[in-house]
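Here's the structure, in structure tokens; my notes come after.
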Amino acid sequence: MDRTALDDWESLLYVVCWVATYGVVSEDRRDPNDNVAIKLWNADEAKAAEAKRGHMHSSDNFEGDIIKHFLPQYRLLKSLAKGLHKRLFLHPGCEGALFDPTIDEDPLLDSEDTGSLPKTDPLVERSKHADAIVSNLVALMGKAERVAGENLAN
């Protein structure tokens, strides 16, 4: 699959999460040995991809595994991270795109029926909606810029 602008937006989400979890300046820094889920993103490529897939799978996973570990000083990045996540991974029209067809157990499906399901690649499904997603992401960044400006003015 070819790289798209959505991959760059996804990278931005990862950077925002990393910064908000570990800090930027030395007095804000989290101990790198702290046991936080995002640490798995720094593993080998296969393990990092598996961890990200799990963390990004739903808003509950994302908030429970990643957002809850944001340092208090970076609380304003929570809404930005949630907005980026929602637009990148929970975009309308991509329902079911995050279903992993390699998982054999699905309590909603009888094992005999799984063979007839289409094999869905979430990145392919998401790329079909790239223009709408990017438009939503640009609008989100405009809002984030306004909110940041208001907070810096106070």
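The values are calculated or read from the model by the stated rules, or taken from the named source; none is laboratory data. Owing to the predicted nature of the structure, the values given are computational and were not obtained by experimental measurement. Note: ideal-geometry Cβ built from the backbone for every residue, glycine included; neighbour counts use all protein chains shown. Just so you know, the surface numbers come from the protein's heavy atoms only, side chains and all, with ligands and any DNA or RNA stripped out. Shrake-Rupley method; radii C 1.70, N 1.55, O 1.52, S 1.80 Å.
The heavy atoms of residue 135 present about 70 square angstrom of accessible area, all protein chains included, probe 1.4 Å.
Heavy-atom accessible area with a 1.4 Å probe sorts 90, 140, 13, largest first, into 90, 140, 13. Spin-label pair residue 143-residue 129: with each label point 7 Å from Cα along the Cα-Cβ axis, the two points sit 1.6 nm from one another.
Ordered by 1.4 Å accessible area with all protein chains kept, 18, 41, 9 run largest first as 18, 9, 41.
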